Amino acid sequence: MAQMERIQRLAEEVLTFQVSSGHIERWLWDRAKRIARNAEQISKLPELTKKGVSFDLFALLAAAYLSDAGYRISTQIEGKTGWAALQLQGKQLRENSIQIIKGKEKDPCLEGKADLICRIIAESENRSTQLLEARILSDARMLDEIGALGIVHEIRRCILQGKGPGALLEGWDRRIEYRYWEARLKEGFHFPSVRRIAQDRFEAMERYIQQLRKEYFGQDLESFGGTL
């Protein structure tokens, strides 16, 4: 679809930019593509297709591509970099994303759809929303934070903060202690199929953390009689 290709180009333009170090930052664009893929696949799940529900696929995917556009305000307008830029989360991030979209609503690729796209992005932060596109986007985004990709996010966060793998383990332990993941898996998803996938991904995270802990503390060496 030509219109979707234009949306993709717009999102890539917004989410790809040069940072102070001189390199081209593509992290946000890469994440946007994953979220859009997630959203499209979720839209094909049996609990949606068998019910014959209707939704605007174009607006959903456009919202998925642009839901993190608000980071652009932190990085290029406010001059924040690294960890400081990533501190922008939740409602404020979505409001900034909507601000970006509103500034480009005259672009032909957004013609007649900008208001719905903005509504989907805003409503995706509302757990009790009844807007189907927003529910799909919420699950698509949250799924990207769990599993192997979730570990990648955490590693990047530690690197941006100048911390090592020990900090990753400490952060994991705190989240387990406060039942963060338990709450996310129980209450964070709208669709049963996505929740099951998230549970599988979480178990993959647990296996990685177990291996990381073993290596970090040299427990595998101790098993051979080492004295570390």
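Evaluate the range 200-208: report whether one residue or more is in a helix (DSSP H, G or I) and either more than 30 Å from residue 47 (Cβ to Cβ) or touching a Leu at 6+ places or on another chain (Cβ under 7 Å) (or both).
Yes: the range 200-208 contains one or more residues that are in a helix (DSSP H, G or I) and either more than 30 Å from residue 47 (Cβ to Cβ) or touching a Leu at 6+ places or on another chain (Cβ under 7 Å) (or both).
For the range 83-122, residues that are modelled with pLDDT of 85 or more and of a type in the set (A, V, I, L, M, F, W, C) total 12. Listed by position, the helices (runs of 4 or more DSSP H) contained in the range 107-198 that have at least 3 residues being within 19 Å of the chain's Cα centre (by Cα) and closer than 29 Å to residue 14 by Cβ are 114-123, 132-143, 148-160. If only residues of the range 201-228 that are of a type in the set (A, V, I, L, M, F, W, C) and loosely packed, with under 13 Cβ neighbours inside 10 Å are counted, the one that is modelled with the lowest pLDDT is 228. For first residues located in the range 62-83 and under 18 Å from residue 107 (Cβ atoms), partners that are modelled with pLDDT under 70 and not in a helix (DSSP H, G or I) and lie 6+ apart or on another chain with Cβ distances below 7 Å form the pairs 70/88. For the range 38-54, which positions are closer than 20 Å to residue 113 by Cβ and surrounded by fewer than 15 Cβ atoms within 10 Å (Cβ to Cβ)? Listed by number, the residues that qualify are 53, 54.
Which fully enclosed helices (runs of 4 or more DSSP H) of the range 17-82 have 1 or more residues being within 18 Å of residue 153 (Cβ to Cβ), small (Gly, Ala, Ser) and modelled with pLDDT of 85 or more? Give the steps one after another, and end with the answer.
Details: elements: 27-42, 46-49, 57-66.
In the range 17-82, the matching helices (runs of 4 or more DSSP H) lie at 27-42, 57-66.
Within the range 182-192, the residues that satisfy the criterion of being out of contact with any Lys or Arg (no Cβ under 6 Å at 6 or more places or on another chain) and surrounded by 15 or more Cβ atoms within 10 Å (Cβ to Cβ) are 184, 185, 188, 191. If you go through the range 209-224 and keep only what is of a type in the set (A, V, I, L, M, F, W, C) and farther than 21 Å from residue 174 by Cβ, you end up with 221, 224.
Among the candidates 160, 131, 143, the residue that is under 20 Å from residue 45 (Cα atoms) and surrounded by fewer than 19 Cβ atoms within 10 Å (Cβ to Cβ) is uniquely 131.
The values are calculated or read from the model by the stated rules, or taken from the named source; none is laboratory data. Just so it is clear, the structure is predicted and the values come from calculations on it, not from any experiment. Positions of Cβ are generated from backbone atoms using ideal geometry, with glycine treated the same way; all protein chains shown enter the neighbour counts.
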